[in-house]
1. Against the definition (more than 23 Å from residue 151 (Cα to Cα) and assigned to a helix (DSSP H, G or I)), how does residue 205 come out, yes or no?
2. Inside region 177-191, can you point out the residues that are among the hydrophobic types (A, V, I, L, M, F, W, C) and either out of contact with any Asp or Glu (no Cβ under 9 Å at 6 or more places or on another chain) or part of a loop (DSSP other than H, G, I, E, B) (or both)?
3. With respect to the numbered conditions (1) open to solvent by less than 40 Å² (accessible area, probe 1.4 Å); (2) farther than 20 Å from residue 232 by Cβ, which one is the sole condition not fulfilled by residue 76?
4. Taking residue 199 as the residue in question, decide whether it is open to solvent by 20 Å² or more (accessible area, probe 1.4 Å) and not in a helix (DSSP H, G or I).
5. Do you know which residues across region 54-69 are surrounded by fewer than 18 Cβ atoms within 10 Å (Cβ to Cβ) and of a type outside the set (Phe, Trp, Tyr)?
6. Would it be correct to say that residue 134 is in contact (Cβ under 8 Å) with a residue 60 or more places away in the chain and open to solvent by less than 20 Å² (accessible area, probe 1.4 Å)?
7. Which number in (1) assigned to a helix (DSSP H, G or I); (2) open to solvent by 20 Å² or more (accessible area, probe 1.4 Å); (3) not hydroxyl-bearing (Ser, Thr, Tyr) marks the one condition that residue 194 misses?
8. Would you point out the residue of region 90-104, among those that are under 23 Å from the mean Cα position of the chain (by Cα) and not in a loop (DSSP other than H, G, I, E, B), that is surrounded by the fewest Cβ atoms within 10 Å (Cβ to Cβ)?
Amino acid sequence: MNEDEQPPAERQPLQDASPAPSSAGGKVCEADGQEVSSSELSKWREMVDVGISQYMRTHPDRFYRRVRRGIPPHFRWQVWKAAVRLDDSELPGDYASLSTVENDWTPLIDIDIARTFPELKTFDGPQQQRLKRVLNAYAGYNSSVGYCQGMNFVAGLLLLVSGSEEESFAVLVKLMDDKDFGLSGFYQEKLPLLRRYLRACEKLVADTVPELREHFIKENVQPAVYLHQWFLT
C-alpha cells in the first residue's frame, strides 16, 4: 500500500464553510473538529498550488484516491468548483436580480426553506434566507425546471460548504443544467431521471437480492416509497 492507498475517512456531519485549520502536533484540527494528518494536508496544498483542474488531468488516479479518503473541509469547495469546471464558464445570469425577483415558485420555496437541515442549528433564519435567494435565482434562471422539493437540500449543502450565495448558485446551475451532470432530470416535470433511476434500482435489487425484492412485494412496499427521498435529497 503506497502513501495514497489508505482507508477512506469516515463520513463527517454537515458543517458550515470552514476557516483555515489549526495545527496540533502531527494532526491538524479543522474547524468542524475533523482531524487531518499534516502529511495529508500538505498533499492537498500541493494540488491546490498546481491547480486542482490541472492536477485532475495530469494525475487522475492519484487525485481520485485522495478524494475517496475524504477532502479536508478547508479545500472542499475549491475541489467541488474544479470538479464541475466552474472556472471554465462565466457566472450565469444576474444573481442580484434573479435572487430577489419573485416568480411562480417563490411561495413553494418559502415553505421548504424552514424544512431544510432542521437538525443543524447553524442553518438558522439568515441561512434560510440565503437558501431562498439561491433557489429563487435558479427558478427564475431556468423556468423550464423552476423549483421542486428536494432541490433545497442540494442548494443547502452547497451553501454550507461554500459560504457564498453567488458561487452556490453558479455550481447549482452547472449541476442541474450541464449535460455532464444533468441533475435537472430529477426535478423536471414528470421527473424523467428519477423514474429511470427507480427502474434501474428495482432491476438491481431483483438481480442481486431477489429475496429482498420478494419480501417487499409481499409486504406491498413499492420502491418509490423509500427511493424518492434517497435520490431527490
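The values are calculated or read from the model by the stated rules, or taken from the named source; none is laboratory data. Because the structure is predicted, anything quoted here is derived from the model rather than measured. Here the Cβ positions follow ideal geometry from the backbone for every residue, glycine too, while neighbour counts run over all protein chains shown. Side chains are part of the model used for accessible areas, which takes the heavy atoms of the whole protein and leaves out ligands, DNA and RNA. Shrake-Rupley method; radii C 1.70, N 1.55, O 1.52, S 1.80 Å.
1. yes
2. Hits for region 177-191 are 181, 186, 191.
3. Residue 76 satisfies all of (1) open to solvent by less than 40 Å² (accessible area, probe 1.4 Å); (2) farther than 20 Å from residue 232 by Cβ except (1).
4. No: the conditions fail for residue 199.
5. 54, 57, 58, 59, 60, 61, 62, 65, 67, 68, 69
6. No, not satisfied.
7. Result: residue 194 passes all but (2).
8. If we take residues in region 90-104 being under 23 Å from the mean Cα position of the chain (by Cα) and not in a loop (DSSP other than H, G, I, E, B), then 96 is surrounded by the fewest Cβ atoms within 10 Å (Cβ to Cβ).
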